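For reference, the structure is listed below as structure tokens.
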Amino acid sequence: MLNNLSKIMASQDIWTVLLALGLAAAVSLAATPLVKALSVKVGAVDVPKDGRRMHDHPIPRMGGLAIFLGFMTAILLFVPLNTEKQGMLLGAVIIVVLGMLDDKYALPAKPKFLVQVAAALIAVMAGNRIEVLSNPNIFSPDPVWMLGWLSYPVTVIWIVAITNAVNLIDGLDGLACGVSTISAATMLIIALRFRESELDVAIMMAALAGACIGFLPYNFNPAKIFMGDTGSTFLGFIMATVSVEGMFKQYTIISFVVPFLMLGLPIFDVCFAVVRRVSHGQSPMQPDRGHVHHRLIDMGFSQKQAVGVLYVISAILGLSAVVLTASGAVKAMVFLLAMCAAAGIAWRVFLPNGPHDRGEETKADEGESEPAQAGERGENKDG
């Protein structure tokens, strides 16, 4: 009897998750044309002015507002809003308003950073904090670290870093949106394994993935609208905050590893960007074209090929996180190595002469022969 009741409840939970995903996707899909018209009306349009842009005509860039609307609709209908979630959503609203202003006026980096810190502080003060981390010293008698007061600055740094990391990879049509969909789906799968304690996390990630899916048809190459900072910073903020509420608190032994795998691609890119810029005597906020997607373009990949490669990398890291939570560290490492080997073999099979045969489709997509910058927004986007 209890088993049957448990199965019924589990089935209801799954349907709730699917409804949240479907509703968010439908709202995002329906709202995107309206947001596109609004972007044009208010002048939030990316006009190509230099060789860094790969598009050759003005494109609206406030599309993240449609993602936000899809996500919020599903959350308000399906998720009970306790203090932690209210703080997260209030911070997200601030991030979205900041992104809209930036897409319109191209705000300086310092005030944007300060507002992001303020938004993160609101979420942290509402209770979204990293309070425990696993101890990397396997010989220590204490398996975890209790952060105490350090939980406040550590969590703010985490949220602001991931917010900007997703923003930094938003350099090709569909890249940030697709990678965020994969990361959200990873968190969704992991949360569903712990349905009793993490159902809200599962619903939130289903809503985020659905909102991204609804926006993607307009954002794939050649993009009809860009998500802009409105979307990329919102996606980073939500995933960072939800990972604090769910992943860091649930898996004490591997609490530090799982979120890094789920968000591995943007974290990797932003870490190397900071090291690269500082080593060249530049500000960490100084735009450049050394991001991983730029390097793939320089290697001869088309936009679609480069985005596909990064999707695969993100999916491998996400699946490794799922295996880690389900089967342990050893099996996750074996899985990660096996998937990397398979990806290497596929590279040699499908691209035996390198990624230089880009074909007429690529030429039509890129328009210009200038291979410089593969960004949706060029300098401002990568800053």
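The values are calculated or read from the model by the stated rules, or taken from the named source; none is laboratory data. All values reported here derive from a predicted model rather than from experimental measurement. With ideal geometry, Cβ positions are generated from the backbone for all residues, glycine too; neighbour counts draw on all protein chains shown.
Select from the range 235-259 the residues that are more than 21 Å from F113 (Cβ to Cβ) and at pLDDT 75 or above and list them in ascending order.
V242, E245
Can you name every one of the helices (runs of 4 or more DSSP H) wholly within the range 162-247 that holds 2 or more residues which are of a type outside the set (F, W, Y), surrounded by fewer than 23 Cβ atoms within 10 Å (Cβ to Cβ) and out of contact with any Gly (no Cβ under 6 Å at 6 or more places or on another chain)?
175-193, 195-219
For the range 98-112, name all the residues that are in a helix (DSSP H, G or I) and surrounded by 14 or more Cβ atoms within 10 Å (Cβ to Cβ).
Of everything in the range 98-112, those that are in a helix (DSSP H, G or I) and surrounded by 14 or more Cβ atoms within 10 Å (Cβ to Cβ) turn out to be L98, G99, M100, L101, D102, D103, K104, A109, K112.
Yes or no: A185 in contact (Cβ under 8 Å) with a residue 60 or more places away in the chain and in contact with a helix residue (DSSP H, G or I) (Cβ under 8 Å, 6 or more places away or on another chain)?
Here the answer is yes, as A185 does meet what is asked.
Among the residues of the range 78-95, count how many are farther than 14 Å from V242 by Cα and surrounded by fewer than 19 Cβ atoms within 10 Å (Cβ to Cβ).
Looking only at that region, the number is 3.
State the number of residues belonging to the range 1-29 that are small (G, A, S) and modelled with pLDDT under 95.
Residues meeting the conditions: 3.
Taking A74, is it under 18 Å from C212 (Cβ atoms) and either free of Cβ contacts under 8 Å to residues at least 24 places away in the same chain or under 19 Å from the mean Cα position of the chain (by Cα) (or both)?
Against the criterion (under 18 Å from C212 (Cβ atoms) and either free of Cβ contacts under 8 Å to residues at least 24 places away in the same chain or under 19 Å from the mean Cα position of the chain (by Cα) (or both)), A74 qualifies.
Pick out the one residue from G64, G51 that is surrounded by 12 or more Cβ atoms within 10 Å (Cβ to Cβ), of a type outside the set (A, V, I, L, M) and at pLDDT below 95.
G51
Hey, any hits in the range 79-88 for a residue that's touching a strand residue (DSSP E or B) at 6+ places or on another chain (Cβ under 9 Å), at pLDDT below 95, acidic (D, E) and outside any strand (DSSP E or B)?
No, the range 79-88 contains no residue that is touching a strand residue (DSSP E or B) at 6+ places or on another chain (Cβ under 9 Å), at pLDDT below 95, acidic (D, E) and outside any strand (DSSP E or B).
I want to confirm something. Restricting to the range 274-322 and keeping residues that are among the polar types (S, T, N, Q) and at pLDDT below 75, which single residue is surrounded by the most Cβ atoms within 10 Å (Cβ to Cβ)?
Among residues in the range 274-322 that are among the polar types (S, T, N, Q) and at pLDDT below 75, the one surrounded by the most Cβ atoms within 10 Å (Cβ to Cβ) is Q286.
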